[in-house]
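Written below as structure tokens is the structure these notes are about.
Please treat every number below as a calculation from the coordinates, not as lab data. Note that this is a predicted model, so its numbers are computed, not measured. Here the Cβ is made from the backbone with ideal geometry for all residues, glycine too, and neighbour counts use every protein chain on show.
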Amino acid sequence: MASWPQPTKYISHVTTRVDGPPKATGRARYSSDIQADGWLYGMILRSKWPSAKISEINLDPALKIPGIKAAVKARDGEFTVRFYGEEIAAVAGTTKQGCLDALRAIEVRAEPRNEFVVNENEARKDGAPEVWAGTPNVTPGRPREHGDVDRAFGECTAVIEGFYTTAVQLHNSMETHGSTVSWTEEGITAWASTQGISSMRDGLAGALQLDQSQVRVITDFMGGGFGSKFGAGVESMLAARLSREAKAPVRLMLTRFDEALAVGNRPSSFQKIKMGAKADGTLHAFEAENYGTAGIGAGGDAGGGGGGANIPMPYLYPVPNFRVQQASVAVNAGSARAFRAPGNPPASFGMESAMDDLAVKLGMDPLEFRLKNDPNEVRQREYKIGAEKLGWKKKYRKPGSSSGVVKTGIGCAGAAWHGGGPSRDTHGEASINPDGSIEFRLGVQDIGTGTKTVIAVVAAEMLGLKPEQITVKVGDTNFPPGPASGGSRTCASVSPTVYDICQRALQQLQARTGISDARGQNWFAACKKLGVNPLVVHGDWIEGLSTRPAYGVQFAEVAVDTETGLVTVKKIVAVHDCGLMIDTLTLESQINGGVIMGMGYALYEERVMDDLSGVMLNPNFETYKLPGLADVPEIEVVLLNMPERGVIGIGEPATVPTAAAIGNAVANALGVRVGSLPITPAKVLAALGKVPPVATT
Amino acid sequence: MNDPEAAGAGTFSRRTFLKGLGTTAVAAVAAQTTAVAAELEKVNAEKVIGPGAVPVTLKVNGKTLKLQLEPRVTLLDALRNYSSLTGAKEGCDRAACGACTVLFDGLPIYSCQKLAIEAQGHQITTIEGLARDGKLSPVQQAFVEKDALQCGYCTPGFIMSVTALLKQNPHPTADEIKHACAGNLCRCGTHPHILQAVFQAAGVKVTSKTEVIYG
């Protein structure tokens, strides 16, 4: 069985990102920067109705606009649009301004329907308008039950009932969805902002009826995806069709407005939780009803997938008696997609809020209550480390007992990420040149997580070279394939693959050159003996070097102004494990990023729909608020390095517990629970009885 | 509803609104409106350019760019789409994300909010203009060393804002850095490392508090 080298020079140490310089100088070419010869702009006309039958689209006026080279309909014949922002048609032209004119010129004959619903609480009522005609809006999940729940509640000393809700969150990657597509007689090349070059190729070839060998997808640099960029997407299909019509490459990147409407989100959740414990603090009974909306993605065709409204319950804690009933509710809004640790952040918020509420009712310290009920040994250690770092014992006070107008509080929550794991179907190759230079090629993507750096670090360690001596290329379907980058899979997939390539390279170098150990100082001498041709070595993912799952806990310290309702996060302590750590610098970045995204989920982020018009009200960065530099607290990261476990990804677990920890800290500060995310000033003041309650959408 | 009075049905018209204001205020507003209209008429009489493409000359990173642009083309579009300078990024195209930040006579601006024709005669510096002979600027170097970038899409904008800050204020406090970066968004959550990078570029020694525990 393969094993990782010990001690290490680069693995588990700090290596700066190998593609840092191109990113910091503007040299990096993202999908949206591609300027193929003779390229045209592409733009999409979207539905201004939440529900309508489109009976006719006249593209001729658009084609008369100077510079417009092609126009296509999103679909042929009559069709129905089911949300504000659904694609209707697209144009390509020589200038962006011309395209804007052309979109305005397109004539659409539509029959808007008054029967639509954008609010999940309305959509689940009897007689609500059907999002998909003939199909109920509510799709119940399979009920899950264990033990005797009703009897068990009777045996509990303390029982709480709570209602915890989370809002629809948008991915909002800084680079929008889209690609530049060039369609020639040989096939198509798509420079795509995607997390999955192979899934993108698969989707494009299928939809455009091309052989897969005729489709090449390239993703050299891409500006974030967070789960929303796996499939080919309507926008890339339209770009390809426009390119075929115009006989020129088409760059079609969504506008920020488009991005908010049509390319994914995290479903909402409405969790009614009843939970009970025995006198000694042992969890004994749990009952939950949960529903949420995945937009039009629930109730009918889930197209795009990966973003259902069901969540893992009861989360993290083994309760002997439980009953869970969930449902997904369709509404006339853009479909959900996978979003960083799908299902986990809302589950964490519901369950961890209930845990604190029950601890309070039992008169127990919520940290003690967790240590009593969480059987996971890794998290047990992490809680103790984090508590020490934060000074839990000294800082923990009874809820609401902090004095003054600005009240302070602390809270904690745990995480797990069981999904993803390494992909066995990961392959790669390296060209070793006689001059000693070496290039790795893997058909994976670096979505900002540091994949290129991970490959360079592992290769440098294995070959006795420096990371900067390793050239890394990813993001091309001409390379040996690997998994889509999501679910914290990539690091655990590529690391063993690079290990295998290096082992084979050293064996082949030995066979070809007679030098028994080509590593380090022998490297150049060995390579020189290759003659003229490079040595090309193929390798695959191998067993025993990577695994899953990852855990993690986070602690939050907040200050809440009881006059304005404003929550300020003072500090986050994030204690995380991910087996053998490859590069602690980019790892720390991932954890910071997870925490900050979780903080946005806790305090700011929410898609707001207008019930009457069916329109999304905040499809921009002015009104859909992301955390900024001034909002970000001190984040203290503690890494639990466990080399014996092998390599595990970290992208997902780092964002799971943040919102729950912040929510618990707010409840600890106030002495009352704000059970609804985002925790806005209005909700804080309502919880304090200072203003009327805010309706949750 | 271009003309609220024409709509008629509403109980709140422009007339009632004006009545609500004092007569002095109304007179002031009216006088101002007349003055603006007169000014516009004067300007338009002098020169009407567009709507077709017109010659535009930009000074970017010390070089002259001669372009043919419709007057409605923004500076960001001119850089990204009419030259090869794609370093400034489009994240929102409406002055909310800061990915398009460039220096305009040394001051940071959103290039998506400046028409290219307005930028003529001014010195424009983009992210491509910071490195000298392949050597990264101190800010760029600090961003790389502190890993103040993940996907990297917001990075050029942050680096331009920070470059402008340090030029004006070589030793900023944390609050001053936060203020200078208030117009830049990052979705990967790189903020703590950005703060560290700015301090490092300002010559303040920064050590990570991150602790690695083995086993």
Cut-off 15 Å between beta-carbons: net charge of the residues surrounding A:V215, Lys and Arg +1, Asp and Glu -1:
-1
Taking 0.36 nm per intervening residue step and subtracting the Cα-Cα distance, what contour gain separates A:R424 from A:R144 on full extension?
97.7 nm
How many nm separate the modelled label positions at A:E111 and A:D540, each set 7 Å beyond the Cα in the direction of the Cβ?
5.7 nm
Taking B:K42 as the anchor, which lysines have their alpha carbon closer than 18 Å to its alpha carbon, excluding any fewer than eight residues away along the same chain?
none
Work out the length of the dipole vector of chain A about its Cα centre, built from +1 on the beta-carbon of each Lys and Arg and -1 on the beta-carbon of each Asp and Glu, and round it to the nearest 20 debye.
880 debye
For A:E245, put the label point 7 Å out on the Cα→Cβ axis and report which residues of region A:78-104 keep their amide N under 19 Å from it.
A:78-81, A:86-104
Taking the alpha-carbon centroid of each part, what is the distance from region A:537-565 to region A:332-365 in angstrom?
16 Å
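Do you know the relative contact order of region A:337-417, to the nearest whole percent, from alpha carbon pairs under 8 angstrom that are 6+ apart?
Details: 32 pairs, mean separation 25.6, N = 81.
Answer for region A:337-417 is 32 percent.
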Region A:253-264 - phi-based ³J(HN,Hα) in whole Hz, Karplus 6.51/-1.76/1.60, Gly and Pro as x:
10, 5, 7, 4, 4, 4, 4, 6, 8, 10, 10, x
For region B:154-205 and region A:170-205, compute the distance between their C-alpha centroids and round to whole Å.
33 Å
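Need one word for region A:545-697: rounded, prolate or oblate. Basis is the Cα gyration tensor (sqrt eigenvalues a ≥ b ≥ c); a/c below 1.5 gives rounded, then a/b vs b/c decides.
Values: a/c = 2.55, a/b = 1.78, b/c = 1.43.
Since a/c reaches 1.5 and a/b is larger than b/c, the shape of region A:545-697 is classed as prolate.
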PRE zone check, label point 7 Å out along Cα-to-Cβ of A:V532, amide N under 20 Å, scope region A:495-517, hits A:512-513
Given labels modelled 7 Å from the Cα in the Cβ direction, how far is it in nm from B:A53 to A:L63?
2.4 nm
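Using the Cα gyration tensor of region B:138-201, with a ≥ b ≥ c the square roots of its eigenvalues, what is the shape: rounded (a/c below 1.5), prolate (a/b larger than b/c) or oblate (neither)?
Details: a/c = 1.62, a/b = 1.34, b/c = 1.21.
Prolate is the answer for region B:138-201, as a/c is 1.5 or above and a/b outweighs b/c.
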In the protein assembly as shown, how does Rg compare with the Kirkwood Rh, expressed as the Rg/Rh ratio over alpha carbon atoms?
0.98
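From Cα pairs below 8 angstrom and at least 6 apart in sequence, can you work out the relative contact order of region B:138-201, rounded to a whole percent? Don't jump to the answer; show the numbers that get you there.
On the way: 63 pairs, mean separation 35.1, N = 64.
Relative contact order comes out at 55 percent.
Which of A:K452/B:K63; A:K69/B:K66; B:K178/B:K209; A:K473/A:K528 have a Cα-Cα distance over 27 Å?
Details: A:K452/B:K63 34 Å; A:K69/B:K66 25 Å; B:K178/B:K209 20 Å; A:K473/A:K528 23 Å.
Cα-Cα > 27 Å for A:K452/B:K63; rest within.
Which whole-number percent is the relative contact order of chain A (Cα, under 8 Å, 6+ apart)?
Relative contact order for chain A comes out at 16 percent.
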Which residues in region A:431-448 place their backbone N less than 17 Å from a point set 7 Å from the Cα of A:Q469 along the Cα-to-Cβ direction?
A:431-440
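I'd like the FRET efficiency for A:V159 and A:T135, computed as 1/(1 + (r/R0)^6) with the beta carbon distance as r and R0 of 51 Å, rounded to 0.05. Please report the intermediate quantities before stating the final value.
Details: r = 37 Å, r/R0 = 0.73.
Efficiency computed from Cβ-Cβ geometry: 0.85.
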Which of the aspartates and glutamates could a cross-linker span from A:K272 if the Cα-Cα distance has to be under 12 Å and same-chain partners fewer than 8 positions apart are dropped?
A:E161, A:E287, A:E289
Sum of side-chain charges, A:E287 neighbourhood, beta-carbon under 10 Å (Lys, Arg +1; Asp, Glu -1):
-1
Taking other Cβ within 10 Å of each residue's Cβ, how do B:R132, A:R251 sort, fewest first?
B:R132, A:R251
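For chain A, what does the helix formula give at 222 nm: sum of -39500 (n - 2.57) over DSSP H segments with n ≥ 4, over the residue count, nearest 500 deg cm²/dmol? Mind dumping the intermediate values first?
Values: 18 runs with 191 residues, N = 697.
Per the formula, -8000 deg cm²/dmol.
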Pairwise centroid distance, computed over Cα atoms, of region A:68-133 with region A:447-496, Å
40 Å
Near A:K247, which aspartates and glutamates are there with a Cα under 15 Å away, not counting those fewer than 8 places off in the same chain?
A:D37, A:E185, A:E186
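Taking a threshold of 31 Å on the Cα-Cα distance, which of the pairs A:K229/A:K466; A:K96/B:K59; A:K361/A:K407 fall above it? If you can, show how the numbers build up before the last one.
Values: A:K229/A:K466 33 Å; A:K96/B:K59 23 Å; A:K361/A:K407 21 Å.
Going by Cα-Cα distance, A:K229/A:K466 fall outside the 31 Å limit.
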